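Below: one structure, written as structure tokens.
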Amino acid sequence: MYPKSKVGYWKERSLSSEYQEAYDNIIKNIPESGSTLLDVGCGTGEILKRVWKELDYGLLIGCDATYEMLKGAMEKLKSENIPARIERKWDLKLLNSKEVVLLLEDVSDMQIPKQIADTALFTFPEIFSNSKKWAGEGKIKNEIRKRGYEFNDIKKIIKKLMIHRNIADKIKNNGRFISVEYDVQYRNSFLESRVIYNKISFAEMISLRLENAQFFESAKVWSDTEGKLEDFIEEKPGYRIFSMSRVE
């Protein structure tokens, strides 16, 4: 889900050696098989390409809010002899598709049915949502206050929770949610433990259970955030792969 101005940038960036290594690490964390895999914010289609070639899923669905990005993903997939099609609207008939389905979807108002996917991915998101209003924001805010969780930026975490909740709703019970985020690893063990604690708390609020968290150091990948390295002198910049399961 990228603004149009970033489409060309990400097409090139996804082919860099540092992101190719990151995709290698992500693939290792995805369950090897299932009936349906959903890649939210699929961008250039790089992960969909790898899943098609390396794993065993009956249906692959990639969605993005930017048509130009989906067009680039379709071109990439077809260049690798992977059948793909772009759809502007969800239809139940797509469940029988033998092609990779690329769906023009805004993460704030996804039309994909609930509990459709065995595995859902949300990797290196740069959120560009056309929706100004999120249903259920008040409920999420009250839940955060009720539980007393400690988050530095309440507005940012509410938006993040709403996005993750919308994606989590698409996962079957006991299905897997793979989330990949730009992050730093703290040398201070207490601060590092808070990162995991907050993620556990975050997951619980949207019916997810954190199963595993891995940090990978990469200053080049982390450079795509809005952060500044000088603000993290004693921390290692990189990204974290969170593996979560859907629970009732």
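The values are calculated or read from the model by the stated rules, or taken from the named source; none is laboratory data. Note that the structure is predicted; figures quoted are calculated from it, not measured. Cβ: placed from backbone, ideal geometry, glycine included. Neighbour counts: every protein chain shown.
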Next item on the list: Among the numbered conditions (1) farther than 16 Å from L37 by Cα; (2) in a loop (DSSP other than H, G, I, E, B); (3) modelled with pLDDT under 95, tell me where W90 comes up short.
Entry: (1)
Note to self: Quick check on G238: is it under 10 Å from V184 (Cβ atoms), surrounded by fewer than 16 Cβ atoms within 10 Å (Cβ to Cβ) and at pLDDT below 95?
What the structure shows: no
Note to self: Let me spell it out: the conditions are (1) in a helix (DSSP H, G or I); (2) at pLDDT 95 or above, and Q214 meets all of them except one. Which number is the exception?
What the structure shows: (1)
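Would you check which residues across region 48-72 are touching a strand residue (DSSP E or B) at 6+ places or on another chain (Cβ under 8 Å) and under 16 Å from V107 (Cβ atoms) and list them?
If the condition is that a residue be touching a strand residue (DSSP E or B) at 6+ places or on another chain (Cβ under 8 Å) and under 16 Å from V107 (Cβ atoms), then I61, G62, C63, D64, A65, Y67, L70 are the ones that fit.
May I ask you to verify whether D24 is at pLDDT 95 or above, surrounded by fewer than 18 Cβ atoms within 10 Å (Cβ to Cβ), touching a strand residue (DSSP E or B) at 6+ places or on another chain (Cβ under 6 Å) and not hydrophobic (A, V, I, L, M, F, W, C)? Give the steps one after another, and end with the answer.
On the way: at pLDDT 95 or above: yes; surrounded by fewer than 18 Cβ atoms within 10 Å (Cβ to Cβ): yes; touching a strand residue (DSSP E or B) at 6+ places or on another chain (Cβ under 6 Å): no; not hydrophobic (A, V, I, L, M, F, W, C): yes.
Criteria not met by D24.
For (1) more than 15 Å from the chain's Cα centre (by Cα); (2) closer than 21 Å to K220 by Cβ, each residue gets a yes or a no:
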site: I27; (1), (2): no, yes
site: S33; (1), (2): yes, no
site: M74; (1), (2): yes, no
site: A84; (1), (2): yes, no
site: E105; (1), (2): no, no
site: P113; (1), (2): yes, no
Check: Looking at this structure, is N198 of a type in the set (S, T, N, Q), at pLDDT below 90 and assigned to a helix (DSSP H, G or I)?
Finding: yes
Checklist line | Inter-residue pairs, beta-carbon under 7 Å, first free of Cβ contacts under 8 Å to residues at least 24 places away in the same chain and in region 170-192, second outside any strand (DSSP E or B), 6+ apart | finding: E192/Y186
Notebook entry, point to check: Taking region 50-71 only, how many residues are in contact with a Phe, Trp or Tyr (Cβ under 9 Å, 6 or more places away or on another chain), buried (at least 19 other Cβ atoms within 10 Å of the Cβ) and part of a helix (DSSP H, G or I)?
Noted result: 2
Note to self: Given the criteria part of a strand (DSSP E or B) and modelled with pLDDT of 85 or more, does S243 qualify?
What the structure shows: yes
Next item on the list: Report yes if E181 is loosely packed, with under 15 Cβ neighbours inside 10 Å and over 17 Å from P31 (Cα atoms), otherwise no.
Entry: no
